[in-house]
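Each reported figure results from applying straightforward, stated rules to the coordinates on display, with no laboratory input. Predicted model only: the values in this text are computed from it and were never measured. Cβ coordinates were reconstructed from backbone atoms using ideal geometry, including for glycine residues, and neighbour counts include every protein chain displayed.
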Amino acid sequence: MISIIVPIYNAENSLRECIDSVIYQDYSNIELILVDDGSVDRSYEICKEYKNKDKRIRLHHQSNLGVSSARNKGISMANGEYVFFLDSDDQCENILSYCVSIMKKENIDLLVGGTDYYKNNNFLISENANLFGEEYKIYSDDSKSKLNRWVMERNITDFPELLVSSRKTIRIGGVAAKLIRKKSMGGLRFIENLGYSEDLVFLYELLKKIDRLVVLNKSIYRYNYREDSATNSGYNPKIIRFNKELSKYIYKISTDYDEVYENSMYEKILEIYWGSIIHGITYNPNSKFYEKLRKISDESKYYNSMLKKLKIHNVRKKKNKLILFLYKNNMSLCIFFLSYIKKIKGE
């Protein structure tokens, strides 16, 4: 049985499509766990409506505790051999029967499927689909370890042996489009005080636990791009706190592999620091100029212990080289103007 876990918050406009994509699967041996995280629209009523129609649906309602809490509750409720995470804005392709057959045939702990990206019902791009000639590829031992590195090193560096072409790579960040053997998770749960990238951290820790992973050469997930997503917004008053928690975690795992990986993690922390400057300070419409400069200085001091080992010649991206140069020379005013230019350009 597959336990499909859907965290829900104010999703009345997309929820029916999401649920329908599950209950009308060819594979019927499922339980659909709906966790309403304190919605103030009609989401909970829609959930109750579906629960009354389909005995495979289980429903939990809680106060607004966040997506990680909702997912963790779903895990605690799950009775299936496999777990599949689905966001309430998205849909699952009718392919779960095929996925389970591969999991059983190859004794797989984690299946990574492809994702089709849509915006306003218009197809944008596929990720992890049609990358190679085979039906699927299995990773274990050393090759699995390299993929685990790729989870964190993506967009910073790459591994030539995992590249399919100069533009197409296997990307496995996050928990979307994944079918997980539940016993492989053990006691692993989402970290609830991370405001974003919590699924990336979860996956990284999961990959340490598993023995065999398969990358499926087909899409199993439909992601619907939303403008109001936390990762697509401008000013975020919580991002400074969230980024500090995320950077502490990345600093902790920075020595998991070799020096190349360590430098990549430091560069990722630099990008997190820059994200705090952009979305937590520069974009703040209620903060005055001198207050922003003071906050930039405070943030720079906080990250000093984590970035002191990062050398400019080890930084891969040109933009990051400039940011690190300004950072190491305590040039808060220049950092502000650089971030302000980014704001004007709308980047």
Any chymotrypsin sites (Phe, Trp or Tyr not before Pro) in segment 1-78 that lie in a DSSP loop and have at most 11 other Cβ atoms within 10 Å would be TYR24
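For the chain, what is the relative contact order in percent, using Cα pairs closer than 8 Å and at least 6 residues apart in sequence? It would help to have the intermediate numbers written out before the result.
Details: 591 pairs, mean separation 56.6, N = 347.
Taking the mean separation of contacting Cα pairs over the length of the chain, I get 16 percent.
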Chain lengthening between LYS311 and LYS218 when straightened (0.36 nm per residue, less Cα-Cα) = 29.4 nm
Point-to-point label distance, GLU134-LEU322, nm (Cα→Cβ direction, 7 Å offset) | 4.3 nm
The distance between the Cα centres of segment 241-270 and segment 52-99, in whole Å, is 30 Å
In sequence order, calculated HN-Hα J values of segment 129-136 (Karplus, 6.51, -1.76, 1.60; Hz; x Gly/Pro) = 10, 6, 8, 9, x, 6, 5, 6
Fraction of beta bridges assigned by DSSP in the chain that are antiparallel (%, nearest 5) = 45 percent
Nearest-ten-degree value, helix 198-209 long axis tilted from longest Cα axis of the chain | 70 degrees
Which three extents, in whole angstrom, do the alpha-carbon atoms of segment 233-345 cover along their principal axes, largest first?
-> 43, 26, 24
For Cα Rg over 2.2 N^0.38 Å, with candidates (i) 1.16; (ii) 1.12; (iii) 1.04, the value calculated from the shown model is option (iii)
Each residue of segment 244-252 in order: what ³J(HN,Hα) in whole Hz does its phi give by Karplus 6.51 cos²θ - 1.76 cosθ + 1.60, θ = phi - 60°, with x for Gly and Pro?
-> 5, 5, 5, 5, 5, 5, 5, 5, 5
Whole-number D in µm²/s for segment 57-118 (Stokes-Einstein; Kirkwood sum over Cα pairs; 4 °C, 1.567 mPa s) | 93 µm²/s
What is the Cα radius of gyration of segment 4-82 over 2.2 N^0.38 Å, N being its residue count?
-> 1.01
Cα centre as origin, Lys/Arg/Asp/Glu Cβ charges: the chain dipole, Debye = 1220 debye
Summing -39500 (n - 2.57) over every DSSP H run of at least 4 in the chain, dividing by its residue total and rounding to the nearest 500, the 222 nm mean residue ellipticity is -13000 deg cm²/dmol
GluC sites (Glu not before Pro) within segment 53-147: DSSP coil, no more than 10 neighbouring Cβ in 10 Å = GLU134
